[in-house]
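Worksheet: one structure, shown below.
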Amino acid sequence: MSLQDDTQTRTDAAAAGQAEGTHGVIVTDVAAAKVKSLLEQEGRDDLRLRVGVQPGGCSGLIYQLYFDERTLDGDLVRDFDGVEVVVDRMSAPYLEGATIDFADTIEKQGFTIDNPNAGSSCACGDSFS
């Protein structure tokens with residue numbers, strides 16, 4: 001498969017998800033439970049997890065994960081066991097098929113993103129291209 005074919009496949013998949021008003025990001029049960037726990041600690045039921053990408057980092061794009069009370073025009077929303085996950089339309093093609101998990105080990109604690117669209121990433125794992 002050529003790079004052009006791969007890009008077209010991702011674009012087609014993202015467009016299919018956007019047409020339905022949803023996105024292709026997957027949140028594991030462990031990650032959803034951690035998000036629920038954090039939301040309970042905040043004491044707010046109006047927040048959702050926003051996932052996106054923006055230019056930056058040593059590899060070109062950097063992930064964003066944060067709680068947001070807003071829903072913006074064009075947002076794509078998907079529910080994972082009561083956790084709303086929001087992705088903006090510009091980020092959706094870069095995140096199509098990405099899996100968000102939560103690790104709690106000696107080596108790593110925090111959210112991880114396994115993104116099949118990342119051609120390369122930096123050593124810290126925070127940015128990709």
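Side notes on the structure shown:
- Single residue of the stretch 25-46 satisfying the filter (buried (at least 18 other Cβ atoms within 10 Å of the Cβ) and in contact with a helix residue (DSSP H, G or I) (Cβ under 9 Å, 6 or more places away or on another chain)) that is farthest from THR112 (Cα to Cα): VAL25
- Single residue of the stretch 47-58 satisfying the filter (surrounded by fewer than 17 Cβ atoms within 10 Å (Cβ to Cβ) and in contact with a Leu (Cβ under 9 Å, 6 or more places away or on another chain)) that is modelled with the highest pLDDT: GLN54
- Residue that is modelled with the lowest pLDDT, among those in the stretch 1-24 that are exposed (fewer than 13 other Cβ atoms within 10 Å of the Cβ) and in a loop (DSSP other than H, G, I, E, B): SER2
- Residues in the stretch 87-111 that are β-branched (Val, Ile, Thr) and either closer than 13 Å to VAL30 by Cβ or without any contact (Cβ under 8 Å) to a residue 60 or more places away in the chain (or both): THR99, ILE100, THR105, ILE106.
- Restricting the stretch 104-129 to residues that are charged (D, E, K, R) and at pLDDT 85 or above, the residue that is farthest from the chain's Cα centre (by Cα) is ASP104.
The values are calculated or read from the model by the stated rules, or taken from the named source; none is laboratory data. On a predicted model such as this, the values are computed, not experimentally measured, just so you know. All Cβ positions, glycine included, derive from the backbone under ideal geometry; neighbour counts span all protein chains shown.
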